[in-house]
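Working notes for the structure below.
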Amino acid sequence: MEMQLGAMLHVYKGEYGLPSIDFECLRALCLLRFTRCPMDVETSSNPLRSGAGKLPYLQIGNQKFAGYRQIKRVLDLEGYPIDAHLSTKQKHLSSAYANWVFTNLHAYYHYFLYGEPHNFDTTTRGLYAKRTPFPFNFYYPSSYQREACDVVQVMAGFDVNDKMDKHEGDYLVVNAKKVVNLLSRKLGRKVWFFGDTYSEFDAIVYSYLAIIFKIALPNNPLQNHIKGCQNLVNFINRITKDIFRNEGYSSVKLTKTPSGTEASLTASERKFMDSELNTKIVAGVGAVLAMGAFAAWRGIYNQFWVNVFVWLQTLF
């Protein structure tokens, strides 16, 4: 069965040599490349056009399928099931392992990329803002921070909006290190986790570990721990270099900070962060004037100002 002509997968562009900066986008890309599905990929997409306000999404004609689960369902129906080569037992094991990894790494991923204030303000916000069209790039990255707050509160039991001394990050780190150790033992010297055959579990592990390992966050305790598991490092690098050979992207020039650590922002991202408040004001005034003119034309002026007040609260 051939994928319909014109099908397009929309994802966030990569960085640090990765094909995407986002976990959901990265494992959707794995679905395509592992199964060799002949589909084009667009990395300059507006997440607001997905229908769900997020990437990834798959567009076939006028139909849009937002999120990893919907995309996987479409590929399965089109004849590109990622676990087709696994035995029944291996499929059950893959599902069980995937749930176990999700339980222990999902909260770590969300906290250290979006919930940890310093990481988010210096690195993650800039990565997503650079890939989101103006003026939504001033608001949209914060939606990931709000989602991280929910994930961490449910899965780790603390609120990222609390003071830093109340963040129970050590709990997340201990669990994540245990997962990495067990994954290293499970992989051993094999090419894939189930031997010579790729699986959805490989896609999930790669997508979590590649982002945690590659993105240069100021505070990322798991990064050095992954470095100590050479087989996992080889697993990450092999997939990045071989399977995503033509899709990995990097614009980052690492520089030394006064503390001796490496800063991960590009020159454009650093300039963006330095002038963010002034630009927010200019963008906000411009947007308000444009929307005000539209509201006056439609005769909904009073309700407009109520909505503007609520919007500005979320923006600033």
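Here are the numbers for this structure:
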| read-out | value |
| --- | --- |
| Identity of the residue in the stretch 164-193, among the acidic types (Asp, Glu) and in a helix (DSSP H, G or I), that ends up modelled with the lowest pLDDT | 165 |
| Among residues of the stretch 62-90, those that are in a helix (DSSP H, G or I) and either open to solvent by 90 Å² or more (accessible area, probe 1.4 Å) or acidic (Asp, Glu) (or both), counted | 6 |
| Subset of the stretch 34-48 (residues that are farther than 19 Å from residue 18 by Cβ and modelled with pLDDT under 90) | 46, 48 |
| Test: residue in the stretch 49-57 that is of a type in the set (S, T, N, Q), loosely packed, with under 13 Cβ neighbours inside 10 Å and not in a loop (DSSP other than H, G, I, E, B) | no |
| Residue match in the stretch 125-132 (condition: open to solvent by less than 20 Å² (accessible area, probe 1.4 Å) and under 12 Å from residue 107 (Cα atoms)) | no |
| Options 119, 137, 161; residue that is farther than 27 Å from residue 32 by Cα, open to solvent by less than 40 Å² (accessible area, probe 1.4 Å) and modelled with pLDDT under 90 | 137 |
| Qualifying residue in the stretch 20-39 (condition: more than 23 Å from residue 194 (Cα to Cα) and either of a type in the set (Phe, Trp, Tyr) or more than 15 Å from the chain's Cα centre (by Cα) (or both)) | yes |
| Options 152, 101; residue that is among the β-branched types (Val, Ile, Thr) and either more than 23 Å from residue 14 (Cβ to Cβ) or within 13 Å of the chain's Cα centre (by Cα) (or both) | 152 |
| The stretch 63-75 residues that are of a type in the set (Lys, Arg), paired with ones that are in a strand (DSSP E or B) and open to solvent by 20 Å² or more (accessible area, probe 1.4 Å) (beta carbon under 8 Å, 6 or more apart) | 73/65 |
| The stretch 84-97 residues that are closer than 15 Å to residue 202 by Cβ, paired with ones that are among the hydroxyl-bearing types (Ser, Thr, Tyr) and not in a helix (DSSP H, G or I) (beta carbon under 7 Å, 6 or more apart) | 85/197; 86/197; 86/199; 94/199 |
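The values are calculated or read from the model by the stated rules, or taken from the named source; none is laboratory data. Just so we're clear, the structure is a prediction, and the values are computed from it rather than from any experiment. Neighbour counts run over all protein chains shown; Cβ positions are idealised from the backbone, glycine included. To get the accessible areas, we keep the full protein, side chains included, count just its heavy atoms, and leave off ligands, DNA and RNA. Shrake-Rupley method; radii C 1.70, N 1.55, O 1.52, S 1.80 Å.
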